[in-house]
1. Rounded if a/c is under 1.5, else prolate if a/b is larger than b/c, else oblate: which is region 1-159, with a ≥ b ≥ c the root eigenvalues of its Cα gyration tensor?
2. Shape call for region 116-222 from the C-alpha gyration tensor, a ≥ b ≥ c root eigenvalues: rounded (a/c under 1.5), prolate (a/b greater than b/c) or oblate?
3. With unit charges on the beta carbons (Lys and Arg positive, Asp and Glu negative) and the dipole taken about the Cα centre of the chain, which residue among Val25, Val117, Thr148 sits farthest to the positive side?
4. Considering only protein heavy atoms and a probe of 1.4 Å, how much of the accessible area of the chain is carbon and sulfur, as a whole percent?
5. For the chain, what relative contact order do you get, as a whole percent, if you take Cα pairs closer than 8 Å and at least 6 residues apart?
6. In the chain, what is the count of Lys pairs whose alpha carbons are under 19 Å apart, counting only pairs at least 8 residues apart or on separate chains?
7. Express as a percent, rounded to the nearest 5, the fraction of DSSP beta bridges in the chain (both residues included) that run antiparallel.
8. Which order do the peptides 28-40, 282-294, 51-63 take when ranked by the mean count of other beta-carbon atoms within 10 Å per residue, highest first?
Amino acid sequence: MASVPTVTGPVDAAKLGFTLMHEHVFNRSPGVFEAWPHLWDREAEIERAVGIFRELKAAGVDTIVDLTTVDLGRDVHMVREVGRQVALNIVMCTGVWRYPPRFFDRRNPDPIADLFVKDIEEGIAGTEVRAGVIKLATEPSVDALNETMLRAGARAQRRTGVPISTHTDVNTRSGLAQQDVFESEGVDLSRVVIGHSGDSDDIEYLTAIIDRGSYIGMDRFGLDFFLSTEKRVETVARLCQMGHAAKMVLSHDTNCFMDTIPRPIKEQRMPNWHFLHITNDILPALRLAGVTDDQIRTMTVDNPRRIFEKQGAY
Ligand SMILES: [Zn+2]
């Protein structure tokens, strides 16, 4: 049995069920809300998230992977409070997003990997909540600091066996550059999800990533300004037809709270960027485009299980 850490304790990978592989609970600029706590109502936001996730569970989603890192204001205490009140599993991450704190400048990969491994093996920020995935981000392209972070994540991956899940920039095809760094560290690329690949409809780019063994995250449903819903659906359907359902995972990259866009503007400009978009709108659209129920199950249940089932250092 392969067990996966969630905020409320380990869950058998076979019981993760329908899993959204790239989401966020609370996204905040680190430090700002500690300095000006009046900027939000912490308890009200917890309650709001609980409501969203109860609805999501009722819609058939069993697990979300929260890819909120330290530079996105990861708060294990808040997410755990939410997790204790819902039946939905929440898996938290270690690693970094696009803006590693200056602490990481001019450090070597190994001591950084030690920090990631601590989150994975002991728990996050002094709690018993262990990270189940390593998040890494490259945008626009791999520079010196980013390469250090990718190498640190790769080494933590090899030491612990937990999967890597990334943020990429499809305009620079940075998924392939990430794979180059991971490969040079000896990472088994089938233990990597190259995220935000769904922002692209370039089949040649997407199959190049898949052909090297990684999964691709079709994980920004609802963010139409990067790529329209129509094109996102078309691309997933096309890749299914080509026999690649076993290499795709679906998600929204949405959140219950973010501090960079006021909530009314987010709801007005991105009306579909919410947790129920896939179950309500995208799965029916995929079926209309010829995707079978088996393929949907593969992308939403089987692939997440397989990704978390491969465990152990190597
Ligand atoms: Zn994200």
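The values are calculated or read from the model by the stated rules, or taken from the named source; none is laboratory data. Computed from a predicted model, the values in this text were never measured in an experiment. Every residue, glycine among them, receives a Cβ derived from its backbone with ideal geometry; neighbour counts consider all protein chains shown. Protein only, heavy atoms only, side chains kept; ligands, DNA and RNA dropped before computing areas. Shrake-Rupley method; radii C 1.70, N 1.55, O 1.52, S 1.80 Å.
1. On the way: a/c = 1.95, a/b = 1.31, b/c = 1.49.
Oblate.
2. Values: a/c = 1.88, a/b = 1.65, b/c = 1.14.
Since a/c reaches 1.5 and a/b is larger than b/c, the shape of region 116-222 is classed as prolate.
3. So the residue we want is Val117.
4. Accessible surface attributable to carbon and sulfur in the chain totals 49 percent.
5. 21 percent
6. Lysine pairs meeting both conditions in the chain amount to 7.
7. 15 percent
8. 51-63, 282-294, 28-40
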